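Only one structure is covered here, and it is reproduced in the block below.
The values are calculated or read from the model by the stated rules, or taken from the named source; none is laboratory data. These numbers were taken from a predicted model, which means no experiment stands behind them. Positions of Cβ are generated from backbone atoms using ideal geometry, with glycine treated the same way; all protein chains shown enter the neighbour counts. Just the protein is used for accessible areas: all its heavy atoms, side chains included, with ligands, DNA and RNA removed. Shrake-Rupley method; radii C 1.70, N 1.55, O 1.52, S 1.80 Å.
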Amino acid sequence: MAESMQGLKRTHRCAELSVANIGETVTIMGWVQKNRNKGGLVFVDVRDRSGIIQVVCEEGKTAVEIIEKAARLRSEYVVAVVGKVGKRSGAVNENLATGEIEIIPEELRVLSESETPPFPIEEDCKTKEEIRLKYRYLDLRRPDMQKNLMMRSKVATLTRQFLADEGFMEIETPILIGSTPEGARDYLVPSRIHQGHFYALPQSPQLFKQILMCSGCDRYFQIAKCFRDEDLRADRQPEFTQIDMELSFVDVDDVLDVNERLLAKLFKEVLELEVSLPIPRMTWQEAMDRYGSDKPDTRFGMELTDVTETVRDSEFVVFKGAIENGGTVRGINAKGQGAMPRKKIDKLVDFAKDYGAKGLAYVAIQEDGSVKSSFAKFMSEEEMAALIKAMDGENGDLLLFAADKNKVVWDVLGALRLELARQMELLDKGEYKFLWVTEFPLLEWSEEQNRYTAMHHPFTMPMEEDLQYIDSDPGRVRAKAYDIVLNGNEIGGGSVRIFNPEIQSKMFEVLGFTPEQAQEQFGFLLTAFKYGVPPHAGLAYGLDRMVMLMAKEESIRDVIAFPKVKDASDLMTEAPTPVDEKQLEELGITVKVEEE
């Protein structure tokens, strides 16, 4: 039978108590982690978000009715305990923050009873994620989940404080906006009043934050909910959170400076980790050439080597064909992996094929200096020796090569490098390596659409010295764009924006927009730009991803309170759900059911 907490007021959270409180009478409230009944001695562990404390009911020290009540407690009952803090009578528990103390109760109330939970409420739970997400309210009681939520809250609070001190204003932008077809798919919201018309949920506050710069707001930030109806991937969420900012009268260096200091503050305050500033910078081209990725993990080496010139005259048809088609031959050196069994190498070949490779060439240098290779018979001894030398190959090394168009070679070796690092256990989760990747291409060619598309978005400023190529060689134009990368994850990105109407018109033209289409989609922004627009730039972080890396979690679902699963559904609330026919009628919507 549940009791009232009338007359009681919590004085401390469980783990806020220490030896300094010995002798004090305190009131704690929380959930029963477990109780152990030893006859006339009952131990009850009480848990709240701060941690656990032991309550000890002992004959002679505790009233009989309290001992009897304590003996009946079960896991996850909600209790209030009034009692005196004492030195622990048994052995000190080194694993608990409160391991040196206990509470001797003078009053015990059961505020709420609980059924047996479907899984134990404990750290490092091995329960299937589907069950954890169905009972998310229980999952969130677990200490590791509580720690993650507290960390996320601390990151958000520190960010707000830091940006406010730097002169940023926190401004909310609308959630119901017009749809813009560029980029990912929008989530649409039907309008009851304007039937047949739809709002979209924002994929980012991009247009509004640029409008705010036109409005003289100077420095804006927002911890913003964003929505993307993307194809399903294990670690994507249809709704996610950005730390979003925009600054006026700045260039690249100004944006990077303020963000480096923000990151240094967050990692110092949350993880007690010093981020050495300035954060290294690398151009997109260098990142692709060295790591095969525009978000390189720099915690380990195994960089790509371009051996195109070394093998240019080789008779090996795979290398020869790639070079003749304007491609390259590049390799990575997996140090000390020369004895890798053939079966394992074959698995790497299959892995490479998933990233677009037709195959993978290899040279395994044995400890005695002899060579096993998939293509040795097509190479002279001199050619093979030159190739090994170019790859810095030593006895015991495994050299892996991809030959194709640049993009394929980069994708294959970039992914292979990470896979080998996982297999060789080179990735230390306690190490945090930051990197700015700069000077991205402004445009990328879309085979599907047979035109250039914006690599970031249509408002990204080209580098002034590259504007001369915008008509003759658009692919050569670099952007004033930058990403912040942490341990091989892009945690944020942004750019300097176009504020010159002629450059903006040219950009739309290159992207295949007619002036009418540009006006139709982005008219309100383009009109605002006619009334005096300051030079401006911005950046947005993926808050979920950043906290995931800080918490050393594998999935962003473990740092979001109520996440969706891979098919964008919520297992706890069972959303999305069908709606009442009457609601659809009011919206003027008919649902067409596809026949199986």
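Would you be able to say whether some residue in the range 22-41 is in contact with a Cys (Cβ under 6 Å, 6 or more places away or on another chain), within 30 Å of Asn148 (Cα to Cα) and not β-branched (Val, Ile, Thr)? So far as the range 22-41 goes, yes, one or more of its residues are in contact with a Cys (Cβ under 6 Å, 6 or more places away or on another chain), within 30 Å of Asn148 (Cα to Cα) and not β-branched (Val, Ile, Thr).
Any chance the range 290-301 includes a residue that's part of a helix (DSSP H, G or I) and either touching a helix residue (DSSP H, G or I) at 6+ places or on another chain (Cβ under 9 Å) or surrounded by 19 or more Cβ atoms within 10 Å (Cβ to Cβ) (or both)? Even if it seems obvious, please write down each step before you answer.
Of the residues in the range 290-301, the ones part of a helix (DSSP H, G or I) are 290-291.
Filter once more, keeping what is either touching a helix residue (DSSP H, G or I) at 6+ places or on another chain (Cβ under 9 Å) or surrounded by 19 or more Cβ atoms within 10 Å (Cβ to Cβ) (or both): 291.
The answer is yes, given that some residue of the range 290-301 is part of a helix (DSSP H, G or I) and either touching a helix residue (DSSP H, G or I) at 6+ places or on another chain (Cβ under 9 Å) or surrounded by 19 or more Cβ atoms within 10 Å (Cβ to Cβ) (or both).
For Arg74, the stated conditions do not hold, so it cannot be described as among the basic types (Lys, Arg) and within 24 Å of Lys147 (Cβ to Cβ). Pairs meeting the criteria (first residue in the range 334-349 and in contact (Cβ under 8 Å) with a residue 40 or more places away in the chain and more than 19 Å from Ala415 (Cα to Cα), second residue exposed (fewer than 14 other Cβ atoms within 10 Å of the Cβ) and not charged (D, E, K, R), beta carbons under 7 Å, at least 6 apart or on different chains) are Gly338/Gln366.
Name the residues in the range 348-369 that are closer than 23 Å to Asn395 by Cβ and aromatic (Phe, Trp, Tyr), would you? Result: Tyr362, single match. Please verify whether the range 430-438 includes one or more residues that are at pLDDT 95 or above, under 30 Å from Pro474 (Cα atoms), within 26 Å of the chain's Cα centre (by Cα) and among the hydroxyl-bearing types (Ser, Thr, Tyr). Yes - at least one qualifying residue is present in the range 430-438.
With the condition kept exactly as written, say whether any residue in the range 274-281 is in a loop (DSSP other than H, G, I, E, B), at negative phi and of a type in the set (D, E, K, R).
Filtering the range 274-281 for residues in a loop (DSSP other than H, G, I, E, B) gives 274-280.
Next, only the ones that are at negative phi stay: 274-280.
Imposing the further condition that a residue be of a type in the set (D, E, K, R) reduces the set to 274.
Yes.
Scanning the range 434-474 for residues that are under 30 Å from Met550 (Cα atoms), assigned to a loop (DSSP other than H, G, I, E, B) and either open to solvent by less than 20 Å² (accessible area, probe 1.4 Å) or touching a Leu at 6+ places or on another chain (Cβ under 7 Å) (or both) returns Phe440, Met455. Looking only at residues in the range 217-266 that are free of Cβ contacts under 8 Å to residues at least 60 places away in the same chain, of a type in the set (Asp, Glu) and assigned to a helix (DSSP H, G or I), the one that is surrounded by the fewest Cβ atoms within 10 Å (Cβ to Cβ) is Asp253.
The residues listed here are Val485, Val477; of these, the one that is surrounded by 14 or more Cβ atoms within 10 Å (Cβ to Cβ) and over 27 Å from Thr180 (Cα atoms) is Val485.
Would you check if Phe513 is without any contact (Cβ under 8 Å) to a residue 60 or more places away in the chain, surrounded by 20 or more Cβ atoms within 10 Å (Cβ to Cβ) and over 15 Å from the mean Cα position of the chain (by Cα)?
Values: without any contact (Cβ under 8 Å) to a residue 60 or more places away in the chain: yes; surrounded by 20 or more Cβ atoms within 10 Å (Cβ to Cβ): no; over 15 Å from the mean Cα position of the chain (by Cα): yes.
When the stated conditions are applied, Phe513 does not pass them.
Would you point out the residue of the range 349-403, among those that are assigned to a helix (DSSP H, G or I) and among the small types (Gly, Ala, Ser), that is nearest to Arg330 (Cα to Cα)? Let's see the steps before the verdict.
As a first pass, look at the range 349-403 and keep what is assigned to a helix (DSSP H, G or I): 349-353, 376-378, 381-390.
Keeping just the survivors that are among the small types (Gly, Ala, Ser) gives 352, 376, 385-386, 390.
Numbers: Ala352: 13, Ala376: 17, Ala385: 16, Ala386: 14, Ala390: 11 Å.
Filtering first and then ranking leaves Ala390.
Within the range 315-348, the set of residues being open to solvent by less than 30 Å² (accessible area, probe 1.4 Å), touching a helix residue (DSSP H, G or I) at 6+ places or on another chain (Cβ under 6 Å) and part of a loop (DSSP other than H, G, I, E, B) comprises Phe316 only. Considering the range 510-545, and only residues there that are outside any loop (DSSP other than H, G, I, E, B) and among the hydroxyl-bearing types (Ser, Thr, Tyr), the residue that is nearest to Ser215 (Cα to Cα) turns out to be Tyr531. Note on the range 552-586: residues that are of a type outside the set (D, E, K, R), outside any loop (DSSP other than H, G, I, E, B) and open to solvent by less than 50 Å² (accessible area, probe 1.4 Å) amount to 3.
Looking at the structure I just gave you, is Ala537 at pLDDT 90 or above and within 29 Å of the chain's Cα centre (by Cα)? Can you show your working first?
Values: at pLDDT 90 or above: yes; within 29 Å of the chain's Cα centre (by Cα): yes.
Answer is yes for this residue.
Residue-level check: of (1) of a type in the set (Phe, Trp, Tyr); (2) open to solvent by less than 50 Å² (accessible area, probe 1.4 Å); (3) within 36 Å of the chain's Cα centre (by Cα), Phe375 misses just (3).
Working only within the range 390-410, note down all residues that are open to solvent by 50 Å² or more (accessible area, probe 1.4 Å) and closer than 15 Å to Ser373 by Cβ. Before the answer, list the steps.
First, the residues of the range 390-410 that are open to solvent by 50 Å² or more (accessible area, probe 1.4 Å): 392, 394-395, 405-407.
Asn395 - this is the single residue of the range 390-410 that is open to solvent by 50 Å² or more (accessible area, probe 1.4 Å) and closer than 15 Å to Ser373 by Cβ.
The condition (being in contact (Cβ under 8 Å) with a residue 24 or more places away in the chain, of a type in the set (Phe, Trp, Tyr) and closer than 24 Å to Thr241 by Cβ) is satisfied by just one residue among Tyr199, Tyr135: Tyr135. Answer with yes or no whether Gln203 is under 23 Å from the mean Cα position of the chain (by Cα) and either in a loop (DSSP other than H, G, I, E, B) or within 22 Å of Val485 (Cβ to Cβ) (or both). Yes. Just one of (1) farther than 16 Å from Thr305 by Cβ; (2) among the hydroxyl-bearing types (Ser, Thr, Tyr); (3) open to solvent by less than 90 Å² (accessible area, probe 1.4 Å) fails for Tyr362. It is (1). Residue count for the range 17-62 satisfying the condition of being over 18 Å from Arg142 (Cα atoms), open to solvent by 40 Å² or more (accessible area, probe 1.4 Å) and out of contact with any helix residue (DSSP H, G or I) (no Cβ under 9 Å at 6 or more places or on another chain): 12. So, Gly86, is that one open to solvent by less than 80 Å² (accessible area, probe 1.4 Å), in a loop (DSSP other than H, G, I, E, B), over 14 Å from His12 (Cα atoms) and not hydrophobic (A, V, I, L, M, F, W, C) or not? No; evaluated as a whole, the condition is false for this residue.
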